[in-house]
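Rule-based calculations on the coordinates, nothing more; no lab input. Quick caveat: nothing in here was measured; it's all calculated off a predicted structure. Don't worry about glycine lacking a Cβ; one is built from the backbone with ideal geometry, like all the others, and counts go over all protein chains shown.
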Amino acid sequence: MPAHPLAQALLRAAGVPVVAPSANRSGAVSPTTAAHVLEGLSGRIAAVLDGGPCAVGVESTVLDLTGATPLLLRPGGVPEDALRALLGPIGRPDPALAEDAARPAPGMLASHYAPALPVRLEAESVSPQEALLAFGPALPGAGAVWQLSESGDTMEAAARLFAGLRWLDAEGQRLGLTGIAAMPV
């Protein structure tokens, strides 16, 4: 059930069950604003309901509750410790699924929500040919910088993550950068 009042109003007004796909093309970085949706789906949709930027900024948490132990299929905006406090022990699906195997939930491919530029994780240095996804004080020398949270707030960082990846990918390509360096969170 969506948390946003505009989405809830749409469901009430429809008066029937509503099934809707994701607001982005598979494999692309998820949109966090109406402008991102329009950019990614231009010419494929008639309209967007704009309720403002996403408050959480990361994907939905997806659980499989059909077995004796809940399985966390896709981590998202609900912290895992909050899930454990409510549900007890939480398992994870087998990570060794074959590449062509059916996935039990969206977002489980190795590169499902990836920018076009390669991303280097846990970066402790950055070159002028890289864009920087910063967390806390930014490393010097990057060709472009997106700050997730200057103060190191993980909730703020989560809310800014996909918007930052989208911006760094576009800006990095515009500037001819070779990749995105992501600082440790």
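Near residue 80, once Lys and Arg are set to +1 and Asp and Glu to -1 for all other residues with Cβ below 12 Å from its Cβ, the sum equals +2. Subtracting the Cα-Cα distance of residue 7 and residue 173 from 0.36 nm times their residue separation leaves 56.4 nm of extension gain. Amide H to amide H distances under 5 Å link residue 180 with 119, 120, 131, where only residues 5 or more positions off or on other chains count and H is placed in the peptide plane. Measuring r between the beta carbons of residue 87 and residue 153 and using R0 = 30 Å, the FRET efficiency lands at 0.70.
Relative to the longest principal axis of the Cα atoms of the chain, helix 154-175 runs at roughly 50 degrees. Peptide packing: for 81-90, 134-143, the average count of neighbouring Cβ atoms within 10 Å per residue gives the ranking 134-143, 81-90, highest mean first. Computed from Cα positions, the angle between helix 5-14 and the longest principal axis of the chain comes to roughly 40 degrees.
Near residue 74, the amide H atoms lying under 5 Å from its own belong to 62; only residues 5 or more places off or on other chains count, and H is placed 1.01 Å from N. Dipole magnitude for the chain: about 500 debye, using +1 per Lys or Arg Cβ and -1 per Asp or Glu Cβ, origin at the Cα centre.
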